[in-house]
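The values are calculated or read from the model by the stated rules, or taken from the named source; none is laboratory data. What you are looking at is a predicted structure, and each value in this text was computed from that prediction instead of being measured. Cβ atoms come from the backbone with ideal geometry, glycine included; neighbour counts cover every protein chain shown.
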Amino acid sequence: MSHVAMVIPGLDGIAGAERQVMLLAKGFRARGWRVTVVALSGTGGQAATELTASGVKFLTLEMRKGLADPRGWIRFNRWLRRERPQVVHAHLPHAAWIARWSRLAAPVPVLIDTLHTSSTRKLGRRFGYRASFWLPDQVTAVSESVADAHLRARMVDRDSLTVVPNGVDVEDFRPNPQTRSVTRQKVGIGHEFLWLAAGRLEPVKDYPTLLRAFALVPVPARLLIVGGGSLHSELSQLSASLGLEHRVQFLGFQSDVKPWMQAADGFVLSSRWEGFPLGLLEAAACALPAIATDVPGSREAIVKGRTGQLVPSGAPAALAEAMTAMMQASPWDRRAMGNLARLHIGEQFGIEATLDRWEELYEALLGRSYQPNRKIHDPVTA
């Protein structure tokens, strides 16, 4: 039985990358792989319990000082030498770097790391990828826009980069009238049009633009925001100053976003940039029409005018206009858009097809002998 280790900074806070790792881990376990999820820090919380229940092993390196904690490196190297996974698959920068450099002390047959965001602005991040570019067998990106951003920043080499999009379980995320009714009652929502936004409360998601837009959207309409983050207090104050206290609810972090998707009438995403937003895929699987900002990543998930709408980023008036138009469309038109979104996502980004792509890549790389990619063109000097 082949063993794949998926390395992630942590699972105590779940966002798109973490949800994708969990979905892949459980999917591979169901296909007969031996799977271990390795977190750099934290306990894993409920996510670790969920993984364990599905037969996936969970290991935390208990790193308390980030990558500067030598104990985590020692634990990881010892674990690699003892367990000898055939594939190490790292997600997000810190996990990628510990997986890359540990390969020198504890060689593994295949090392892959996946890029989840198009943001390349931090100098430390650029240096980390450039300094270790020769160690992985393959670098993957969750979208073409993520790949292009890292190529422009010379953080990866074109010959060792491929795109493997995120996937969603369309059989799990699907419309459910009973859940819709129960969940709406839970938060006191009747027949009002319900918008859902999901994502961490951080600058990249640009919730101030969403709140200012929603203040321009006619009543009756409600907005639920799922996610936690450093801007909670600031955003709550902005909501109050805009007179939205009774129309907007901040639900905080939710380990399961599915019932909120099933309760909503539309999904809205106001991000400044994205990698390949899993929230848009999940909303589409629940047959929700979506409005998102026209930024890299999001535009790859929406067929404009058919499965949703795209608007300029940072433009509250344009976002409000699109939201109002969606609300004023006939229920039949909205259902048709949502159903088309579900069909499109199922065909292009269903989890089984995604798992097939990963298995093909794993097996192709396992067919080669281990040799770090020292001969590929150096992206630093390209």
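Taking the stated definitions as given, is Gly167 crowded, with 21+ Cβ neighbours inside 10 Å and modelled with pLDDT under 95? Spelling it out, Gly167 is indeed crowded, with 21+ Cβ neighbours inside 10 Å and modelled with pLDDT under 95.
Evaluate region 309-317: report whether one residue or more is out of contact with any Lys or Arg (no Cβ under 6 Å at 6 or more places or on another chain), among the small types (Gly, Ala, Ser), without any contact (Cβ under 8 Å) to a residue 60 or more places away in the chain and not in a loop (DSSP other than H, G, I, E, B). Checked against the condition, which is being out of contact with any Lys or Arg (no Cβ under 6 Å at 6 or more places or on another chain), among the small types (Gly, Ala, Ser), without any contact (Cβ under 8 Å) to a residue 60 or more places away in the chain and not in a loop (DSSP other than H, G, I, E, B), region 309-317 yields no hits at all. Kindly indicate whether any position in region 245-257 is within 22 Å of Leu310 (Cα to Cα), out of contact with any Ser or Thr (no Cβ under 7 Å at 6 or more places or on another chain), surrounded by 15 or more Cβ atoms within 10 Å (Cβ to Cβ) and free of Cβ contacts under 8 Å to residues at least 60 places away in the same chain. For region 245-257, residues within 22 Å of Leu310 (Cα to Cα), out of contact with any Ser or Thr (no Cβ under 7 Å at 6 or more places or on another chain), surrounded by 15 or more Cβ atoms within 10 Å (Cβ to Cβ) and free of Cβ contacts under 8 Å to residues at least 60 places away in the same chain: absent. Does Thr114 satisfy the criteria of being surrounded by fewer than 19 Cβ atoms within 10 Å (Cβ to Cβ) and of a type in the set (S, T, N, Q)? So Thr114 fails the test.
Residue by residue, here is whether (1) basic (Lys, Arg); (2) without any contact (Cβ under 8 Å) to a residue 60 or more places away in the chain; (3) touching a Phe, Trp or Tyr at 6+ places or on another chain (Cβ under 6 Å) holds:
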position	(1), (2), (3)
Pro136	no, no, no
Leu161	no, yes, no
Asp169	no, no, no
Arg174	yes, no, no
Ile189	no, no, no
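Results for (1) free of Cβ contacts under 8 Å to residues at least 24 places away in the same chain; (2) more than 19 Å from Met261 (Cα to Cα); (3) in a helix (DSSP H, G or I), shown as yes or no for each residue.
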residue: Leu288; (1), (2), (3): no, no, no
residue: Ala292; (1), (2), (3): no, no, no
residue: Leu319; (1), (2), (3): no, yes, yes
residue: Ala336; (1), (2), (3): yes, no, yes
residue: Ile345; (1), (2), (3): no, no, yes
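Within the option set Gly44, Gly16, being small (Gly, Ala, Ser) and either within 25 Å of Asp137 (Cα to Cα) or at pLDDT 95 or above (or both) holds for one residue only, Gly16.
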